[in-house]
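Participant: This is the structure I have questions about; it appears just below.
Nothing in this text is a laboratory measurement; each read-out follows from the coordinates by a stated rule. Quick caveat, the model's predicted, so the values are computed rather than measured. Don't worry about glycine lacking a Cβ; one is built from the backbone with ideal geometry, like all the others, and counts go over all protein chains shown.
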Amino acid sequence: MAPDGQILAPKVYDAEPIPEAARAEIDRLLLSGDLFRYTAAEGAPVALLEQEFADLLGAKYALAVASCSAALFLSLKALDLPRGARVLIPAFTFAAVPSAVVHADCTPVLVEVGDNYRVNMADFEAKLDDAAAVMISHMRGHTSDMDAIMALCDARNIPVIEDAAHSLGTQWHGRNIGTIGKVGCFSFQSYKLVNAGEGGILITDDPEIVARCVIMSGAYESNWKKHPGMQNSYMLWQNKLPLYNMRMQNLSAAVIRPQLPEVASRVAKGRTGHDRVADQLNTCAHLTVPPALPPEERAPDSIQFNLQGDWTDAEALRFQAEAKKRGVSVQVFGLSEGNARAFWNWEFLGPAPDLPQTRAMLMRACDVRLPTRLTEAELDYIARALIGSADDVRG
């Protein structure tokens with residue numbers, strides 16, 4: 001707030017603060033030098049995090065790794081798919097998702113996404129029959145129709161991996177996102193609900209999947225003995241799977257663990273803040289925020305909205321500039337140069353496929369961060385800035 005009482009543009013890119021409770025554990029680790037998860041025989045911070053996260057989500061097993069990308073990669077490798085296997089992914093996701101598929105020696109198949117940011121089920125079903133696996137990104141926390149997706153995949157015995165990087169705390173029919181498919185993968189990168197700078201974790205109820213992931217994550221020699229249970233499975237896979245060394249280290253776990261009890265309150269604050277801004281944006285004839293699907297309880301820390309009507313690229317860019325003048329950074333996914341969420345920028349996949357529905361959405365879909373720490377006054381400032389910018393451009 002300015003000295004005269006005026007609300008200043010909020011700093012939405014500042015990360016969430018780390019709880020004070022993390023300091024003592026970090027100091028202990030620094031003094032001891034015990035940063036490697038396998039130094040201790042038991043009770044290492046990473047091992048404690050895995051149990052706490054599994055309990056939080058209601059899963060049997062969890063494995064903490066270096067990033068959500070690592071979790072996605074290991075999950076695919078644990079499925080033991082043949083080289084070149086087709087893996088369906090939404091065309092609206094982050095570049096790390098098709099990258100994980102490529103790293104796993106599989107072939108990404110992009111599925112159309114509608115203007116509500118969710119998988120187009122007709123295109124999904126049309127491409128499903130010769131797929132070996134499905135990796136569903138709940139992109140920016142928007143849940144696709146998991147009832148329809150699971151019914152189609154279960155009927156064909158096709159495994160589903162959930163990229164829940166943006167969806168910690170989101171529920172579908174009261175069930176935690178990440179527990180619906182065979183594996184759920186989460187992120188602890190700084191702009192996520194729980195902030196460790198970097199880091200990821202996967203959860204599953206399948207003992208063979210987690211055993212394979214543990215070995216491949218870097219549990220070399222007999223370090224798998226420091227993971228509880230399933231010793232026969234670990235012994236089966238030791239020395240028979242490659243080691244990718246994607247482990248999480250103890251300092252990251254020490255930062256994450258004190259934040260887990262705050263997840264519920266952050267989810268509630270994030271949903272309240274998102275809906276407050278969405279209600280205001282939906283009063284503007286030029287902007288629209290797609291609603292959640294009926295079974296979905298969202299856990300947002302950002303807001304996405306569409307430029308409503310017949311906007312030109314020039315007008316969309318001018319809207320972006322007008323918002324910037326007001327101190328609010330807007331990302332128009334398809335118009336931000338080199339955007340890693342625009343599928344035509346994934347040149348490592350070869351020529352971009354023809355996905356007109358997704359392309360049209362990305363050219364008019366906007367993204368603004370809404371950290372859970374924002375006050376009502378700051379949220380209202382953002383909403384007014386966006387509406388004012390749209391009105392300036394469109395009249």
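Participant: Can you give the FRET efficiency for residue 220 and residue 354, using 1/(1 + (r/R0)^6), R0 = 45 Å, r = Cβ-Cβ distance, to the nearest 0.05?
Facilitator: That pair, residue 220 with residue 354, gives E of 0.50.
Participant: Further, regarding this structure: Residues in region 36-60, backbone N under 17 Å from the label point at residue 245 (7 Å along the Cα-to-beta-carbon vector): list them, ranges by number please.
Facilitator: From region 36-60, the list is 36-39.
Participant: Which percent, nearest 5, of DSSP beta bridges in the chain are antiparallel?
Facilitator: 60 percent
Participant: Moving on to the next point. Looking at region 73-228, what % of its DSSP beta bridges pair antiparallel, to the nearest 5? All intermediate terms of the calculation are to be shown ahead of the outcome.
Facilitator: Details: 8 of 22 bridges.
Percentage antiparallel, nearest 5: 35.
Participant: Using the Cα centre as the reference, give the magnitude of the dipole from point charges on the C-beta atoms of region 263-394 (Lys, Arg: +1; Asp, Glu: -1; all else neutral), rounded to the nearest 20 debye.
Facilitator: Using only the charged Cβ atoms, the result is roughly 340 debye.
Participant: Let me ask another. Which of 244, 201, 157 sits farthest toward the positive end of the charge dipole of the chain, with +1 on the Cβ of Lys and Arg and -1 on the Cβ of Asp and Glu?
Facilitator: Going by the Cα projections, it comes out as 244.
Participant: So if R0 is 25 Å, what FRET efficiency would residue 329 and residue 293 give, r being the distance between their Cβ atoms, rounded to the nearest 0.05?
Facilitator: Here the calculated transfer efficiency is 0.35.
Participant: Then there's this: Tally Lys and Arg at +1 and Asp and Glu at -1 over the other residues with C-beta under 12 Å from the C-beta of residue 146: what net charge comes out?
Facilitator: Working: positive: 118, 175; negative: 145, 147, 154, 162, 296.
Residues close to residue 146 contribute a combined charge of -3.
Participant: Between residue 122 and residue 35, how many nm apart are label points set 7 Å from Cα along the C-beta direction?
Facilitator: 5.4 nm
Participant: What is the spin-label model distance, in nm, from residue 148 to residue 376 if the labels are put 7 Å beyond Cα along the C-beta direction?
Facilitator: Each label point lies 7 Å from its Cα, and together they span 3.8 nm.
Participant: Tell me, what is the FRET efficiency for residue 260 and residue 318 to the nearest 0.05, using R0 = 45 angstrom and their Cβ-Cβ distance as r?
Facilitator: 0.55
Participant: Something else now. What's the exposure ranking of 123, 80, going from fewest to most Cβ atoms within 10 Å?
Facilitator: Ranked by crowding around the Cβ, least crowded first: 80, 123.
Participant: Could I ask something else about it? Based on Cβ point charges of +1 for Lys and Arg and -1 for Asp and Glu, what charge dipole magnitude is obtained for the chain about its Cα centre, in debye rounded to the nearest 20?
Facilitator: The calculated dipole for the chain is roughly 620 debye.
Participant: For the residues 144, 222, 75, what sequence is obtained by ranking on other C-beta atoms within 10 Å, fewest first?
Facilitator: Going from least to most buried by this count: 222, 144, 75.
Participant: Of all chymotrypsin sites (Phe, Trp or Tyr not before Pro) in region 182-236, which ones are in loop regions per DSSP and have a Cβ with at most 16 other Cβ atoms within 10 Å?
Facilitator: Taking region 182-236 and a limit of 16 other Cβ atoms within 10 Å, the loop chymotrypsin sites (Phe, Trp or Tyr not before Pro) found are 191, 220.
Participant: Fewest first, what order do 68, 284 take by the number of other Cβ atoms within 10 Å?
Facilitator: The order, fewest Cβ neighbours first, is 284, 68.
Participant: Can you tell me which of 254, 47, 285 moves the most in a GNM of the chain? Springs connect C-alpha atoms under 10 Å apart.
Facilitator: 285
Participant: Considering the chain as a Gaussian network with a 10 Å cut-off on Cα pairs, which listed residue, 92, 36, 348, attains the greatest mean-square fluctuation?
Facilitator: Highest fluctuation among the options: 348.
Participant: So, in nm, how far is label residue 28 from label residue 345 when the simple model puts each one 7 Å beyond its Cα toward the Cβ?
Facilitator: 4.2 nm
Participant: Given charges of +1 on the Cβ of Lys and Arg and -1 on the Cβ of Asp and Glu, with all other atoms neutral, how large is the dipole of region 1-93 about its Cα centre, in debye to the nearest 20?
Facilitator: The dipole magnitude comes to about 620 debye.
Participant: Okay, next question. If exposed means no more than 10 neighbouring beta carbons inside 10 Å and the site is in a DSSP loop, what's the longest run of the chain without any exposed GluC sites (Glu not before Pro)? Walk me through the intermediate numbers first.
Facilitator: Values: sites that count: 20, 42, 221, 337.
Result for the longest clean stretch: 43-220.
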